[in-house]
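To start, the structure under review is shown below, and the notes come after it.
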Amino acid sequence: MRDVIQLVPELLTQQSFSVFGDVIHIDDNNTKVKPIMINEGTTERFHKLAGVDLSGNIESDGHEQAIISIFRAQPRTLPMNITMMERHPLGSQAFLPSNETPYLVLVCEGKDAPDPRTLKLFIAKGQGVNYHANTWHHPLLALGDINSFWVVDRSGSGNNLEEQNFPSDCRIGIDADSVNALIKEMA
């Protein structure tokens, strides 16, 4: 018998995502981070919305550095099946979308392998995410159009990418209707 897991999205909030990382976002209702006025009072700085972790679980050889990249994600077609997850054991990884197009964030817990029973699916719109080191997550799940993301992560010694497939008898799906309904609600 196959395990069947149908993922239903929820809105991305710092509280619901805190086990996996940080939500990078500001809005008028954000009371956690108050802006600091800089540049002769012409710019609001929302300071330290997330931290960059370069330490991981290895002894440093001094060559680790935070890098900034741009990832251009092709839109996914829903419904879709989820077959794998990845994680970065040696550092955090932040994704900051270049626009307000909604995208999906899929994460789960698990020590040595992703645990499908703990999968959580979020919809983000105008929000970035910063995955903690060792957080199982799915690669980018862009929706609608090609979407570019600014990515801040670690470069240096050691293997900072682990990919793991789910067992073949475990079927995990993302339902298009529930995603579309929540996107419509967000508009």
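The values are calculated or read from the model by the stated rules, or taken from the named source; none is laboratory data. All values reported here derive from a predicted model rather than from experimental measurement. Cβ sites come from the backbone with ideal geometry, for glycine too, and all protein chains shown count toward neighbours. Only protein heavy atoms, including side chains, enter the accessible area calculation; ligands, DNA and RNA are left aside. Shrake-Rupley method; radii C 1.70, N 1.55, O 1.52, S 1.80 Å.
For the range 81-115, which positions are free of Cβ contacts under 8 Å to residues at least 40 places away in the same chain, in contact with a strand residue (DSSP E or B) (Cβ under 7 Å, 6 or more places away or on another chain) and either within 26 Å of ILE26 (Cα to Cα) or small (Gly, Ala, Ser) (or both)?
Within the range 81-115, CYS108, GLY110 qualify.
Under 6 Å between Cβ atoms, which residue pairs at least 6 apart in sequence (or on different chains) link something in the range 130-151 that is farther than 22 Å from GLY91 by Cβ and among the aliphatic types (A, V, I, L, M) with a partner that is open to solvent by less than 30 Å² (accessible area, probe 1.4 Å) and in a strand (DSSP E or B)?
ALA142/ALA73; ALA142/TYR103; LEU143/TYR103
Just to confirm my filter: which strands (runs of 3 or more DSSP E) fall fully inside the range 116-187 and include at least 1 residues that are under 22 Å from ASP3 (Cβ atoms) and in contact with a strand residue (DSSP E or B) (Cβ under 9 Å, 6 or more places away or on another chain)?
120-124, 162-165, 170-174
Mind checking whether some residue in the range 139-146 is within 22 Å of GLY51 (Cα to Cα), buried (at least 16 other Cβ atoms within 10 Å of the Cβ) and either at pLDDT 95 or above or among the small types (Gly, Ala, Ser) (or both)?
yes
Filter the range 115-136 for residues that are open to solvent by less than 10 Å² (accessible area, probe 1.4 Å) and in contact with a Cys (Cβ under 6 Å, 6 or more places away or on another chain) and give the result.
Passing the criteria: only TRP136.
Would you mind finding the one in ASP153, ASP175, ASP145 that is charged (D, E, K, R) and either more than 30 Å from ILE68 (Cα to Cα) or over 19 Å from the mean Cα position of the chain (by Cα) (or both)?
ASP175
If you check PRO97, PRO75, which single one turns out to be at pLDDT 95 or above and touching a Gly at 6+ places or on another chain (Cβ under 6 Å)?
Of PRO97, PRO75, the one residue that is at pLDDT 95 or above and touching a Gly at 6+ places or on another chain (Cβ under 6 Å) is PRO75.
Only one of these is assigned to a loop (DSSP other than H, G, I, E, B), exposed (fewer than 13 other Cβ atoms within 10 Å of the Cβ) and on the phi > 0 side of the Ramachandran plot: GLY41, GLY110, GLY51. Name it.
None of the other options fit; the residue is GLY41.
Could you check how many residues of the range 78-94 are touching a Gly at 6+ places or on another chain (Cβ under 8 Å), surrounded by fewer than 18 Cβ atoms within 10 Å (Cβ to Cβ) and outside any loop (DSSP other than H, G, I, E, B)?
Within the range 78-94, residues that are touching a Gly at 6+ places or on another chain (Cβ under 8 Å), surrounded by fewer than 18 Cβ atoms within 10 Å (Cβ to Cβ) and outside any loop (DSSP other than H, G, I, E, B) number 2.
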